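Rule-based calculations on the coordinates, nothing more; no lab input. For clarity, every value in this text was computed on a predicted model and none was experimentally measured. Don't worry about glycine lacking a Cβ; one is built from the backbone with ideal geometry, like all the others, and counts go over all protein chains shown.
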Amino acid sequence: MDNKKNKFKKLLEKDGFYLVLFVCVCLVAVTAVWVTKNSIDNIASQNGFVNYEQGEIIDDDKVASNDEDEIHLIKEDEKAVPTATNSNQNLAKAKEKLKQENQAKKDPDTEVAKTTTIKAIMPAQGKLGRDYSDNKPTYSATLEQWELHKGIDIQAKEGTPVSAFMDGEVLEVLKDSMQGITVKLKHQDNIVSVYSNLSLDTKVQKGQMIKCKDIIGNIGNTSIIESKEGPHLHFEVLKDNKNIDPLSMINSN
């Protein structure tokens, strides 16, 4: 019996040594882990902070840089409505800016182009004969037929002065085989005026600058296709190379 107790006692003494050794090793390992973790946390706190949810370290300098970039972008656009935490203030500023823009559009002083009045007169004193017609034929006494009439006829005595109906430049002076002695003037806005059935003594030449009311010739009777109508001025106006009613321009002034 005593021998068994002695053997058990020796066994405890021998195994106890290893047990104590194991506990010490565990304590050293736990201490090392704790010290390492604290060191890592200290390093992270110096450069940023630890995002435990995402498992990553966020750099405060990068966050600050992003904030500065955002502020910089806002400052660059000086015309933009300033940002503010008060939404009512933003709304009021936006409305005021829109009101100013609308007011500027309505202000006549800000308009770039303004409407100009074109001065136009009747080129000769007399009685209106054949009227302008681009869709309803009128009767020609010389040709003895109904036809479209692209101008107006102003009946007057031979030698009656004919004036430029607008400021312009002499485009052409010619003897037309049908309409007789003819003068063409070009004006602003791509307008051309034509004076036909004039006398032989024209008063202007090609390239000459003409003012409204300047005499360009006299009424004659040189037109072959309107010879039976008697002395008169055959007057046409073209806009963008298309005939228009001359009275539409004269009556508008």
Fill in the blank from the handout: Most exposed first, judged by fewest Cβ atoms within 10 angstrom, HIS234, HIS187 run HIS187, HIS234
Fill in the blank from the handout: Final fewest-first order of GLU101, GLU236, GLU147, GLU169 on the 10 Å Cβ neighbour count is GLU101, GLU147, GLU169, GLU236
Fill in the blank from the handout: When TYR139, TYR195 are ranked with the fewest other C-beta atoms within 10 Å first, the list becomes TYR139, TYR195
Completion exercise
If the chain between LYS93 and PHE22 were fully extended at 0.36 nm per residue, the gain over the current Cα-Cα distance would be 18.1 nm
Practice task
At 7 Å along the Cα-to-beta-carbon direction for both SER133 and TRP146, put a label point, then send me their distance in nm to one decimal.
Solution key: 0.7 nm
Problem - Relative contact order computed over region 127-250 (Cα-Cα under 8 Å; 6+ residues apart), in percent - result: 30 percent
Practice task
Cross-chain or 8 or more residues apart, Cα under 14 Å: how many lysine pairs in region 134-227 fit that? Count them up, please.
Solution key: 10
Exercise for the section: Please work out the ratio of the alpha-carbon Rg of region 136-242 to 2.2 N^0.38 Å and round it to two decimals. Expected result: 1.03
